[in-house]
1. Do we have any residue at all in the stretch 44-57 that's in a loop (DSSP other than H, G, I, E, B) and at pLDDT below 90?
2. Only one of 70, 97, 74 is of a type outside the set (Ser, Thr, Tyr) and either part of a loop (DSSP other than H, G, I, E, B) or on the phi > 0 side of the Ramachandran plot (or both). Can you tell me which?
3. For residue 52, indicate whether it is touching a Ser or Thr at 6+ places or on another chain (Cβ under 9 Å), exposed (fewer than 14 other Cβ atoms within 10 Å of the Cβ) and of a type outside the set (A, V, I, L, M, F, W, C).
4. Sort through 80, 109 and tell me the only one that's under 14 Å from the mean Cα position of the chain (by Cα), more than 24 Å from residue 3 (Cα to Cα), in contact (Cβ under 8 Å) with a residue 24 or more places away in the chain and surrounded by 16 or more Cβ atoms within 10 Å (Cβ to Cβ).
5. On the given criteria, is residue 39 in a loop (DSSP other than H, G, I, E, B), of a type in the set (D, E, K, R) and touching a Ser or Thr at 6+ places or on another chain (Cβ under 9 Å)?
Amino acid sequence: MAIEAFLGKWCLVSSEGFEEYMKELGVGMAMRKMGSMAKPDVYIIKDGDTITVKTESTFKTSQFSFKLGEKFEENTLDGRKTQTLVSLKDDGSLVQEQEWDGKKTIITRKLVDGQLYFNGLSS
């Protein structure tokens, strides 16, 4: 699957376990509650080799841009500065690996039946 399949606007329909995931990342209670209530729209845009992921909600808007397979510094919604690598895997998933302070998070985005699924794992 090519990156073009991910391009466009994606609307959050439901989220499960997101508050627990944010807690594992060390996000404070107030921000976890707001984050759990947010229903963001996610825009994935490609301009040449650069891909931009923009997340918009009534709570907060953020975006980051990258080139597949190249590390970059990301400022996350929860205030972390991470070294991030995004790659497109053979199974068609878009995998975002974030490293900071000796910790690591892997965010996987996968398309199933026309819906974008987001899964975050922290270690």
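The values are calculated or read from the model by the stated rules, or taken from the named source; none is laboratory data. For clarity, every value in this text was computed on a predicted model and none was experimentally measured. Don't worry about glycine lacking a Cβ; one is built from the backbone with ideal geometry, like all the others, and counts go over all protein chains shown.
1. Yes: one or more hits.
2. The unique qualifying residue is 70.
3. Values: touching a Ser or Thr at 6+ places or on another chain (Cβ under 9 Å): yes; exposed (fewer than 14 other Cβ atoms within 10 Å of the Cβ): yes; of a type outside the set (A, V, I, L, M, F, W, C): yes.
In short, yes.
4. Working: 109 fails: more than 24 Å from residue 3 (Cα to Cα).
Of the residues listed, the single one that is under 14 Å from the mean Cα position of the chain (by Cα), more than 24 Å from residue 3 (Cα to Cα), in contact (Cβ under 8 Å) with a residue 24 or more places away in the chain and surrounded by 16 or more Cβ atoms within 10 Å (Cβ to Cβ) is 80.
5. So residue 39 fits the description; yes.
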